Structures are given as structure tokens and as C-alpha cells.
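To start, the structure itself, in C-alpha cells.
The values are calculated or read from the model by the stated rules, or taken from the named source; none is laboratory data. The structure presented is a predicted model; accordingly, all values stated were derived computationally and were not measured. Cβ: placed from backbone, ideal geometry, glycine included. Neighbour counts: every protein chain shown.
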Amino acid sequence: KDQGLKDVFEDSFYIGVALNSRQVAPEATQEFELISTHFNSLSPENGLKWALVHPQPETYNFEFGDEYVAMGEKLGAFTIGHCLIWHQQVPNWVFENESGEMLDKDALISRMEAHIETVMGRYKGKIKGWDVVNEAFNEDGSFRESKWYKIAGKDFIKAAFRKANEVDPEAELYYNDYNVWRASKRKGILDFVKEMKAEGIRITAIGMQGHYTVNGPSIEEIEQGILDIYEAGFKVAITELDVDVLPRPRNSEGADLNINYANSPEFNPYKDGITPEGKAQLANRYGEIFKLFEKHKDKINRVTFWGLYDGRSWLNNFPVRGRTNYPLPIDRDMKLKEDVFNSIKMA
Ligand code: G3I
């Protein structure tokens, strides 16, 4: 059997992949071949998020989760749960009573705990690590004003971790966020997780999502993130790695522009195929990123790619829909990119 990505880093960290519902289906044999060759950890891209797994108060939908966990067992993979508590992909009813009024703090926390108990409990011992809380901080390090935070304050995070530990004391428990390379955001996160730790709340690792571009953040910025997390007493998980090769339409304040650029050549430059320059840029970027991860392999427990292959990446639809992106090591024909693979191997 050909050497896969996971074999290159066998002595360093797990190599993971986020999967959608088509990819865990038993008939997806081509996908299964790719997954089993290259990855020894799995993440669910969407299927275990609240809106999908628990769409109505009394309805849980475990179809995806059961197939996903079965695939993990078949592969002997380190299987991740994503994510118990997030401000996106969560139905509005979660925050309201039957008359449509906002819940109070105690009622919301009880509802959250029941959700954690049911979802995490079903896969106890099978899902080995959970993103317990996802994206609860702003870029300046303050708490995100989500409905969770508005109703329950920062205690919702502590309660979620306490409950997760109670439901599966063997599972790894993660706080997960993007732009953790940004010093201001990271400080807010680390101050808070240290506070939790001091109160005896168990938390295993900080997830640095790793949604990068070919231009940034810099390797030094990512490295400082890894060092600071480790210094604070936590392992680092790279949970959602990909490298956007397309320009990001932004306004003058740097915010993503929500305009439909799908048909604009300027913002979809590789519609008919990526140029040799673009390919080289991607391979180089992956090389320098993995060189950094390899340097810090004692601090990193896992590196997970956010998607199986280019054609199924969320980055074809972000920040605008209908673009043609090339962010992963596996291309649109489900073939490993040899140049990216070689560059990663050199790490
Ligand atoms: O399932 C519906 C389909 O019925 C509908 O026709 C279609 C048209 O809009 O939408 C489909 O749902 C989409 C869903 O993905 C499944 O493909 C949603 O619109 C879309 O918003 C959703 O995007 C997901 C996104 O999280 C939600 O915010 C991406 O696939 C997923 O990759 C992304 O993952 C997140 C992580 O969970 C957390 N970190 C950031 C990361 C990237 O945003």
C-alpha cells in the first residue's frame, strides 16, 4: 500500500480529516479508500452540531453520528466530536421557552447539560475527544456576545466543560477557536482557560482551527500561538487546517464582504484550474506549516484537515458562494497532490 499522509507523521501526531454525510455513507468506496490511506483521526464537519443532531426539543437525529462512529471504529481512528456548544448551527428554540420568551440562565444551562448528556453519552468511549465549546471569543479577547453569553455569561463555558467531564471522564475535552494566532484573542482565551483550570475544571487541549491563507498568518504568529498554549499548560490541537488560495474580498475595515463575486474573474481567478504559480505557492505554504508542526510535535496531539478534497471544501462557499478553491492536499479528482505531499514530507 502507498504511503499516506498519516504514515509520514506516525511518530509525531494524528493526521485527521473532517467528513460530511456523503463521505461516511457505506457506498462511498472511493472516499473510504482515501480516508483509510491518509488519515488516522476523523472529525464530523457538520453532522454532530446542535441544529443537525438535535433539531427539535424532543428530536435527536443520530443517523450521521452512528455511521461516522462506525467508520471510526472500522479504521481504528481517533474519533473527534464537533461541537457540543457553538453560537452557529444552533436552533432558536434552544434559547426560548414554549411561549417564545428568552430562557433564564438556569433553564438554559439545564437544557445545555441535557444536550451534552444525550449526544456525548451516546458515543461515550467511542468518540475520544470533543470540541466542548467552539468560538466563544472575539478578536480583541473579549467574550463573544452570543445568545449563550447574553443569557448565561461566561458560566456557560464552565458548565459545559463540567458536564462533559461528568458524562465521559475518559474523553479529551477541547476549547476550539479560529485566529488563535492573534495575540489579543489568544490572551482572552488563555486567561479564561487558566481560570477554569484553577477551579479544577478539566480541559485537555486548545484547538487552533488553522483556517489559513497562502499569505497569512505568518509562521512566527502561528508558532507563538503554539508556544503560549503549551506554556499555559495545555496541549495544542490543529483542528481545522486548510489553506485558502483565493483573494478575500474585504471592505476598508478588513471585514469580509458579503457580495456575490462568484462570476467575477477577479475573485474567482482559478475557475478553470489553478496556475503553476498558485500550485507552487500552496505547496510551499503547506511545507512551511508542517515544518513548524513537526518542530513542535511534542506540543501537538493532532493535525486535522477541514475537508477530504478540494471539491467538497467549505472554502468554495466562503466568504461568497460558488468559488473554485484549492485548499486541501487532495484535489478535485480525489487525487493526492504530489507537490503538496512532497513538500509536507520534507518537513
Ligand atoms: O444542508 C443544507 C442544504 O440543505 C442547503 O440546500 C444548502 C444551501 O444553503 O445548505 C446546506 O447547509 C450548509 C451546511 O454547511 C451543509 O453543507 C449550510 O448552508 C452551510 O452554512 C454549512 O456550512 C458549514 C459551516 O461550518 C456552518 O457555519 C460548513 O460546511 C462547515 O465546514 C463549517 O465548519 C466550521 C466549523 O464547524 C467551525 N469552525 C469554522 C468552520 C468553517 O466555517
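Annotation: of all residues in the range 79-114 being free of Cβ contacts under 8 Å to residues at least 24 places away in the same chain and assigned to a loop (DSSP other than H, G, I, E, B), the one that is nearest to the ligand (Cβ to nearest atom) is 100. The set of residues in the range 185-214 that are free of Cβ contacts under 8 Å to residues at least 60 places away in the same chain and assigned to a strand (DSSP E or B) comprises 206, 208, 213. In the range 46-67, the condition of being part of a helix (DSSP H, G or I), more than 16 Å from the ligand (Cβ to nearest atom), closer than 19 Å to residue 128 by Cα and within 18 Å of the chain's Cα centre (by Cα) is met by no residue. The one condition from (1) under 30 Å from residue 15 (Cβ atoms); (2) more than 16 Å from the ligand (Cβ to nearest atom); (3) in a helix (DSSP H, G or I) that residue 125 does not meet is (3). Out of 93, 130, 148, one residue alone is modelled with pLDDT of 95 or more, over 24 Å from residue 204 (Cα atoms) and of a type in the set (Phe, Trp, Tyr). It is 93.
When restricted to residues that are surrounded by 17 or more Cβ atoms within 10 Å (Cβ to Cβ) and within 14 Å of residue 76 (Cα to Cα), the range 18-55 contains 9.
Only one entry of 253, 220, 231 meets the criterion of being surrounded by fewer than 19 Cβ atoms within 10 Å (Cβ to Cβ), charged (D, E, K, R) and modelled with pLDDT under 95, and that entry is 253.
Results for (1) more than 16 Å from the ligand (Cβ to nearest atom); (2) touching a Cys at 6+ places or on another chain (Cβ under 8 Å); (3) without any contact (Cβ under 8 Å) to a residue 40 or more places away in the chain; (4) among the polar types (S, T, N, Q), shown as yes or no for each residue.
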position	(1), (2), (3), (4)
134	no, yes, no, yes
138	no, no, no, yes
145	yes, no, yes, no
154	yes, no, yes, no
161	yes, no, no, no
173	yes, no, no, no
183	yes, no, no, no
224	yes, no, no, yes
231	yes, no, yes, no
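Within the option set 95, 78, being over 26 Å from residue 36 (Cα atoms) and aromatic (Phe, Trp, Tyr) holds for one residue only, 95.
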